[in-house]
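In what follows, a structure is listed as structure tokens, so that the remarks can point back to it.
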Ligand SMILES: Nc1ncnc2c1ncn2[C@@H]1O[C@H](COP(=O)(O)OP(=O)(O)OP(=O)(O)O)[C@@H](O)[C@H]1O
Ligand SMILES: [Mg+2]
């Protein structure tokens, strides 16, 4: 990492990774004694977004909920803070690419192609494990939290270069008690991956996330995710047209049923159906994924200017500037002390008195010698 452009709390913020809808994500590090250093990703709420109460609430929810989640297939939230009026979230740094970047890369160039089906199934199984964990999470009294991610889409699936898959951004996830629309009436989530009930702004449960994951799987296999009207559901013809293992098609049709009661009822059930259809690629899937991620060119770190522009991050104070301020303060104080002493001496000397107390009094009450 280059020298930091900003310091937020204990985080030295470096290169901009990407800017999303409401926040910018930066590479960052926490430095400690003896050369200790831990890379992290820091998400900073954009200035415009920070003016919107709904967004600030979602960002805080993401931090709160993220802090409760601990699973190998979920990018961990490490910290949340506010410094200089900026809200930020520190996360585990995933050294790789997002699934959306991988899919874009595969579509680019002269030979557009889908993701290797083994890698796609490996990603789907990993996300199902993450969802199964989050959906089943209970509070301290054993009551289900009713967590729904609500934005399962390629943007929010991060792929580590070693083949680890991490679902992130529980920013708009809700517990069962929360309404699906924000106060401004906005339905949150990426339209192309939304379940029909989400697109209609209805109350959601875990089955909506499973639908979104099935659309994501279709997108990985080269299918068109977008439906003109997500509220009408997924056209089964699109599944038939997919170039994928035949055994996967009935599983996808079930996962993409319009009515939640016709779908898999839990992530575990969805996962089991894939395994029973002989669609669990295991280690071969991970290796295929590593190979695919390796081919995505590493984006060049954004220039300093780009990193600061848009995100409007204020530059870090120059190194050692704290010390500089302290020294300046000491010089000013020293100067004042000398000035006071000189003033006192200036009053007392011509009088030649020995009594400092009387000198002081004179200094206050008597006119000066040259007046
Ligand atoms: N923990 C992380 N480690 C590494 N990169 C990350 C991490 N979290 C996010 N990113 C990168 O930052 C990008 C932007 O993330 P962000 O969540 O802000 O926006 P988004 O997912 O693209 O859109 P949205 O604002 O709708 O969520 C991601 O696509 C990913 O490339
Ligand atoms: Mg995101």
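The values are calculated or read from the model by the stated rules, or taken from the named source; none is laboratory data. Everything numeric in this text was worked out from a predicted model, so none of it was measured. Glycine gets a Cβ as well: all are built from the backbone with ideal geometry, and neighbour counts include every protein chain shown.
Restricted to segment 11-73, the set of strands (runs of 3 or more DSSP E) holding at least 2 residues that are free of Cβ contacts under 8 Å to residues at least 24 places away in the same chain, over 30 Å from residue 140 (Cβ atoms) and out of contact with any strand residue (DSSP E or B) (no Cβ under 7 Å at 6 or more places or on another chain) is empty.
Take the conditions surrounded by fewer than 17 Cβ atoms within 10 Å (Cβ to Cβ), farther than 19 Å from residue 215 by Cβ and at pLDDT 85 or above and apply them to residue 86. Does it pass?
In short, no.
In segment 20-34, the residue that is farthest from the chain's Cα centre (by Cα) out of those that are more than 7 Å from ligand 1 (Cβ to nearest atom) and modelled with pLDDT under 90 is 34.
If you check 274, 333, which single one turns out to be modelled with pLDDT of 80 or more, out of contact with any strand residue (DSSP E or B) (no Cβ under 8 Å at 6 or more places or on another chain) and closer than 30 Å to residue 214 by Cα?
Checking each option against the conditions leaves just 274.
Taking residues in segment 83-96 that are within 15 Å of residue 72 (Cα to Cα), and partners anywhere that are within 13 Å of ligand 1 (Cβ to nearest atom) and modelled with pLDDT under 90, the pairs with Cβ atoms closer than 8 Å and at least 6 places apart or on different chains are 91/66. Just one residue in the set 161, 113, 150 is closer than 21 Å to residue 270 by Cα and either within 15 Å of ligand 2 (Cβ to nearest atom) or in contact with a helix residue (DSSP H, G or I) (Cβ under 6 Å, 6 or more places away or on another chain) (or both); that residue is 150. A count restricted to segment 164-175 and to residues that are more than 12 Å from ligand 2 (Cβ to nearest atom), at pLDDT below 90 and assigned to a loop (DSSP other than H, G, I, E, B) stands at 1.
The helices (runs of 4 or more DSSP H) found wholly in segment 185-247 and carrying at least 3 residues that are at negative phi, at pLDDT 85 or above and surrounded by 17 or more Cβ atoms within 10 Å (Cβ to Cβ) occupy 196-199, 206-220. So for segment 217-235 (the condition being in contact with a helix residue (DSSP H, G or I) (Cβ under 6 Å, 6 or more places away or on another chain) and over 20 Å from residue 99 (Cβ atoms)), does at least one residue qualify? Yes.
Determine which member of the set 55, 13, 17, 74 is within 11 Å of the chain's Cα centre (by Cα) and within 15 Å of ligand 1 (Cβ to nearest atom). Spell out the reasoning first.
Values: 55 fails: within 11 Å of the chain's Cα centre (by Cα); 13 fails: within 11 Å of the chain's Cα centre (by Cα); 74 fails: within 11 Å of the chain's Cα centre (by Cα).
None of the others qualify; the one that does is 17.
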